[in-house]
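Below: the structure, in C-alpha cells.
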2 protein chains.
Amino acid sequence: MLSEIVKRELKRIVGEANASFAKEDLLCYSYDATNSPYLPDAVVFPSGAEEISLILKMANSEGFPVIPRGAGTGFSGGSLPVEGGVVVSTERMRKIIEIDTENLTALVEPGVVTWELQTEVEKLGLFYPPDPTSLKFSTIGGNIAECAGGPRAVKYGVTRDYVLGLEAVLPTGEIITTGVRTAKGVVGYDLTRLLVGSEGTLGIVTKAHLKLLPKPETTKTLLALFPDIKDAAKAVSAIIRAKVVPSTLEFIDSACIKVVEEHAKMDFSGAGAVLLIEADGSAESVEKEASTIEKICMESRASSVRAATGKYEVKDLWKARRAISPSLLKIRPDKINEDVVVPRASIPDLIAGIEDISKRHNLLIACFGHAGDGNIHVNVMYDKKNPVEAASAEDAVVEAFRLTLRLKGTISGEHGVGTTKSRFIEMELGPAVIDAMKRIKATLDPKGILNPGKIFPKANGPQKAGFAGAGK
Amino acid sequence: MLSEIVKRELKRIVGEANASFAKEDLLCYSYDATNSPYLPDAVVFPSGAEEISLILKMANSEGFPVIPRGAGTGFSGGSLPVEGGVVVSTERMRKIIEIDTENLTALVEPGVVTWELQTEVEKLGLFYPPDPTSLKFSTIGGNIAECAGGPRAVKYGVTRDYVLGLEAVLPTGEIITTGVRTAKGVVGYDLTRLLVGSEGTLGIVTKAHLKLLPKPETTKTLLALFPDIKDAAKAVSAIIRAKVVPSTLEFIDSACIKVVEEHAKMDFSGAGAVLLIEADGSAESVEKEASTIEKICMESRASSVRAATGKYEVKDLWKARRAISPSLLKIRPDKINEDVVVPRASIPDLIAGIEDISKRHNLLIACFGHAGDGNIHVNVMYDKKNPVEAASAEDAVVEAFRLTLRLKGTISGEHGVGTTKSRFIEMELGPAVIDAMKRIKATLDPKGILNPGKIFPKANGPQKAGFAGAGK
C-alpha cells in the first residue's frame, strides 16, 4: 500500500493526469500473457528519464516496488507487479527520435511498438530485423528487457545484436548512458548487454540507440510439406549442414497444422509437418539459396515444396503462423507454453523425446517455432480444472526441460525467466552463476525495489504457481 | 613479493615445470605492445580451470594480484602486471576441442591463436570473422578479454558477436559456465557479454563456445586511389549511404601510404589516400556490390579503382596493410596509437579535425584503419626524448579524444582502456556509469586481486604515464 504522501508525490512527478490509483485502471496493468494477474498499487505514465529517476529515488527512500512495463505481452511474468507497487508504463514514451540513414542507426524511446519502427525504417530502405511474434503490440523497451528474438534470428540474431547503446535509469535513480552509436566501442564493461535481457530488474531503459541494416533486396518464401515430423526435423539439420542460412526457418507440427487449417482457413493437405522457409538478399543469391533449400527438402522426403505466389499469400502464411499460439486454446482450454532451445542438429532428438513425453503423460503437446536456431515452442495442452491433468502437464514440462538440457540446450530462448521459470533456473545454471547474478542485482539495487520477485528462485516457501501461458 | 609458501603452493598446483620465478622468464611476461614493462613476481602456465581456480582462491587468501595473459599483443596494457603478482599465461591451454559442423560452433581453449582457429574452420568450409591485426599471434582468450575487432567488423561485427558461452573462473575462484551453445538463450543476466571486453578484470576465460558462419563463396578485393584524403572519406560515407555493406572498408592516409610504399615495396602512385575494400558473398552479389562500390569511388573523385589481380596480390595488400602499424616507427622514433571511433558519416569531420590538430601542434599524425565502421587508428608520431614534443603529442591525443566525443564517438573501438586510457574514461563515461562498473567489479572481486590497476582511474596520485604504443 502506498501512503497518501507517496501518491501525491507521484502525481506531482508525472502530472495529475499521468498517475492512477483507481482499481479499473490498475486491473489493466495487472496482466501479461501468463494470465496470472497481480494488482499494482499505482500505475504511472512518465514522460522520460528524469521523472523515472525521481520515482526510483522515492521508491528507495519510501520502500515500494517499481515495475517497468511495455505492452505486457510477455510470456514469463516479467512485467507483473507480484509484490504490488508502482507500475511504470512507457506508453507516453513512444517517439522515434531519429532514423539516421547515413549511419544506419535509430534512436527511439522504449514505448515505440516494434512494428511501428520497422514500418518507418523500411520506408527509408532500412531494416530492423528482430521480429517477436508479438511485434504488432510489443514495445522496443519490452523487447530489450527480454532480449526478444523471433523467426529471423536464425540469420539476423536477436534484440541484443541490434542495441548499440542505452539511456537508462539505474534502480537507485541515476540516469546513465551506456554503449555507443557505433559498431565498435570497448570503454569499460558492457553495461548495454548487461541491461538487455535483464527483465527490467537492473534498470529502466528510457532511450535506445539501435543498429539498422540495409533492407534486403528481395525475399522468397517457401512452403514445404512433410508426411512426418521427423522428416521435417531432418530437413532443418540438412539445410544448416549445407551451409545455407535462410532468413527464417519455421517449423509447424501436425497439431498446430490442424489448428491453422481450422482457424486460419489454410489448406496444408493433411501434412504431418510444415516448414515455412524464407531466403533474403540479392535476387541472384535468393534464387540460388531457394533452389538448394528446395532440393534438400525433397531429398528429406517432403511431399511438396513450393514458393508462395505473391505478397498476399506470404502475408496470409505469416498471419497463420502468428495465429498458432492464440489458436491452440481453441483445441484445449489451457496450455503451458515453453520456448526451449537445442543445438539445431538435435531437433530430431528433441522432437522424438517430446513425442515420448506426450505419450507417457497422455497429453497433447503441440510444437512449432524457430527450427533454424533450434528454438521450439513446446505447448503442453491440458485443462486446468482437471487437477490430475494439470499435475501431469507440469511434470511433462519439467521432463521437457530435462531433455532440453541433456541435449545441451537452454530452457528459454526468448521468453525469459520472470516468475514462471524462476523455479527451474537451477536446473540450467550452477549455484556460482546464480550467486554472481544475485550479487550484481544486489549491488545495483541494494534495496531490491526494481521489479522484485523475478528471475531468482525464492529462498524459502512455495511460490504461487504460474507456468508460462498457463491461462487462456 | 610472494612468500616461499605461496611459491611452493603455486608449483604444487600447476606442476614444477609450469611455474617460474626466474627474472629471465619474468621479463618475457612484463611486456605488451605499450612498451611499458612491469615485472611480475611469478608466471604460471596452468592446464585449465581447476588449477586457475586454486590459484585465485590462494590469491584471495594470501593477497596477491593475478594477471591473465594471452599473447601480450594488446595496445592498452591489459595484460601488464602493474602491481606485480602472478601472471597466468594461457599458453598451455591451446586446444581446439571441437568444431561442430552441424551446429556451426567451435569449443576452444583461450590460448588458441585466432589465426589457427580460422585456418582450421576454413578447412571445413566455415568462417570465424573476427580479425584483429594481431591475429597471427593474439589468442582467442585475449580477443575475448578485449572484445577485439578488425577490418571485417563493418559487416561481421566484433568478438562479442561470436561468443555464445564461456567457461570462466570468477575472481573468487568459482568455476562458472555462462551462456549457451545456441543462438538464443535468455536465462538470467548476460554474464557472457559482461565478461567479453572486461579486460580480464572480472574473470579468467578457460573455454569459449564460439559461433561460426558458412564461409562466403567468394571475395573480391578492390583498391581505390584518391588524390585527397577528404575524397576518400566522402567515398566511405557514400558507400554506406548507398546501403552497400562491404566486408572490409579500410582507409590509409598519405603518411601511411608513404610508409607502405617504402617498407612493403608497394606502389600507390603517390596517392593522397587509399581505400582497400572487399565484398564477399555469392559470386553474383559480390560482382554487383563491387561494381556499385567502383562507381561510387569514381564519383567521389578516385583517380583509379581496380580489382586485385589474384590471391597473391590480395595477400600482399593485406600484408602491407598489417605492416603499417609497426612500420610507422621507421619514420619517427615513437608514436601514440589511438583507436577512436566516430559514426561513419562523421569520418570527414574527424579527418579534417585531426589535420587541424596536426598543424597546430606541428606533429605528423598518421591515420589508417577501419573506415567502414568509423574506427580510425590515429597515430601521433613524435620523439620521446624531446620533452616538448612529447608533451605536445599528449595534448594532441587529448584533443583528438575531445573531437571524437564531440562527433558522438568513443575513445576506444578495439584496444580497450587498460592502463593507457584509464585517465580518460571520465571524458566519455558519466560518474554514475563508472560507479556502476566499479560496484560490479567490487562485488565480483571484493579483494581486488584480479588484474588490478586497469580500466578505472586511480582515486588519487599521479599514474605512471603510458600512452598506447608510446614505445618503439
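The values are calculated or read from the model by the stated rules, or taken from the named source; none is laboratory data. All values derive from a computational prediction rather than experimental measurement. Positions of Cβ are generated from backbone atoms using ideal geometry, with glycine treated the same way; all protein chains shown enter the neighbour counts. Surface accessibility is based on the protein's heavy atoms, side chains included, excluding ligands, DNA and RNA. Shrake-Rupley method; radii C 1.70, N 1.55, O 1.52, S 1.80 Å.
Annotations for the structure displayed:
- Taken over the range B:418-450, residues that are in contact (Cβ under 8 Å) with a residue 60 or more places away in the chain, at the interface with chain A (Cβ under 7 Å from one of its Cβ atoms) and out of contact with any strand residue (DSSP E or B) (no Cβ under 9 Å at 6 or more places or on another chain) amount to 1.
- The set of residues in the range A:71-105 being open to solvent by 20 Å² or more (accessible area, probe 1.4 Å) and either within 19 Å of A:Pro46 (Cα to Cα) or among the hydroxyl-bearing types (Ser, Thr, Tyr) (or both) consists of A:Ala71, A:Thr73, A:Glu91, A:Arg92, A:Arg94, A:Lys95, A:Ile96, A:Ile97, A:Thr101.
- Restricting attention to the range A:135-149, the residues being more than 25 Å from B:Ala432 (Cα to Cα) and either free of Cβ contacts under 8 Å to residues at least 12 places away in the same chain or surrounded by 24 or more Cβ atoms within 10 Å (Cβ to Cβ) (or both) number 3.
- Taking the conditions (1) crowded, with 19+ Cβ neighbours inside 10 Å; (2) under 30 Å from B:Glu389 (Cα atoms); (3) without any contact (Cβ under 8 Å) to a residue 24 or more places away in the chain in turn, B:Gly270 satisfies each one other than (1).
- A Cβ distance below 6 Å, combined with a sequence gap of six or more or placement on separate chains, defines the contacts here; from the range A:280-302, residues that are on the phi > 0 side of the Ramachandran plot reach residues that are in a helix (DSSP H, G or I) and open to solvent by less than 50 Å² (accessible area, probe 1.4 Å) in the pairs A:Arg301/A:Asp231.
- The set of residues in the range B:364-401 that are open to solvent by 40 Å² or more (accessible area, probe 1.4 Å) and small (Gly, Ala, Ser) contains only B:Ala391.
- Per this entry, B:Val121 is counted among residues that are surrounded by fewer than 24 Cβ atoms within 10 Å (Cβ to Cβ) and either more than 10 Å from chain A (Cβ to nearest Cβ) or closer than 25 Å to A:Pro130 by Cα (or both).
- Output for the range A:273-308, where each listed residue is of a type in the set (Lys, Arg) and surrounded by 16 or more Cβ atoms within 10 Å (Cβ to Cβ): A:Lys288
- Cβ-Cβ distances below 6 Å connect the following pairs, each with a first residue in the range A:48-60 that is touching a residue at least 60 places away in the same chain (Cβ under 8 Å), a second residue that is among the basic types (Lys, Arg), and a separation of six or more residues or different chains: A:Asn60/A:Lys447.
- Subset of the range B:136-153 that is assigned to a loop (DSSP other than H, G, I, E, B) and either in contact with a Cys (Cβ under 8 Å, 6 or more places away or on another chain) or charged (D, E, K, R) (or both) - its residue that is nearest to the other protein chains (Cβ to nearest Cβ): B:Arg152
- Residue selected from the range A:154-184 under the condition in a helix (DSSP H, G or I) and of a type in the set (D, E, K, R), by the criterion most open to solvent (accessible area, probe 1.4 Å): A:Lys155
- Leading residue by the ranking (nearest to B:His377 (Cα to Cα)) among those in the range B:398-417 that are of a type outside the set (D, E, K, R) and more than 11 Å from chain A (Cβ to nearest Cβ): B:Ala400
- Boolean, B:Ala235 is in a strand (DSSP E or B) and either facing another protein chain (nearest Cβ under 10 Å) or small (Gly, Ala, Ser) (or both): no
- Only residues that are open to solvent by 10 Å² or more (accessible area, probe 1.4 Å) and either more than 27 Å from the chain's Cα centre (by Cα) or not basic (Lys, Arg) (or both) were counted in the range B:227-236, giving 4.
- The listed residue being under 17 Å from the mean Cα position of the chain (by Cα) and open to solvent by less than 20 Å² (accessible area, probe 1.4 Å), out of B:Thr410, B:Thr419, B:Thr404: B:Thr410
- Qualifying residue in the range A:106-115 (condition: within 14 Å of another protein chain (Cβ to nearest Cβ), crowded, with 24+ Cβ neighbours inside 10 Å, modelled with pLDDT of 95 or more and not in a helix (DSSP H, G or I)): yes
- Boolean, B:Glu199 is within 12 Å of another protein chain (Cβ to nearest Cβ) and open to solvent by 20 Å² or more (accessible area, probe 1.4 Å): no
- Any hit, the range A:205-220, residues being among the hydroxyl-bearing types (Ser, Thr, Tyr), touching a Phe, Trp or Tyr at 6+ places or on another chain (Cβ under 7 Å) and within 19 Å of A:Thr139 (Cβ to Cβ): no
- Counting the residues of the range B:336-349 that are open to solvent by less than 10 Å² (accessible area, probe 1.4 Å) and either modelled with pLDDT under 95 or more than 14 Å from chain A (Cβ to nearest Cβ) (or both) gives 5.
- Of the helices (runs of 4 or more DSSP H) lying entirely inside the range B:340-451, the ones with 3 or more residues being over 27 Å from B:Gly197 (Cβ atoms) are found at B:347-361, B:387-406.
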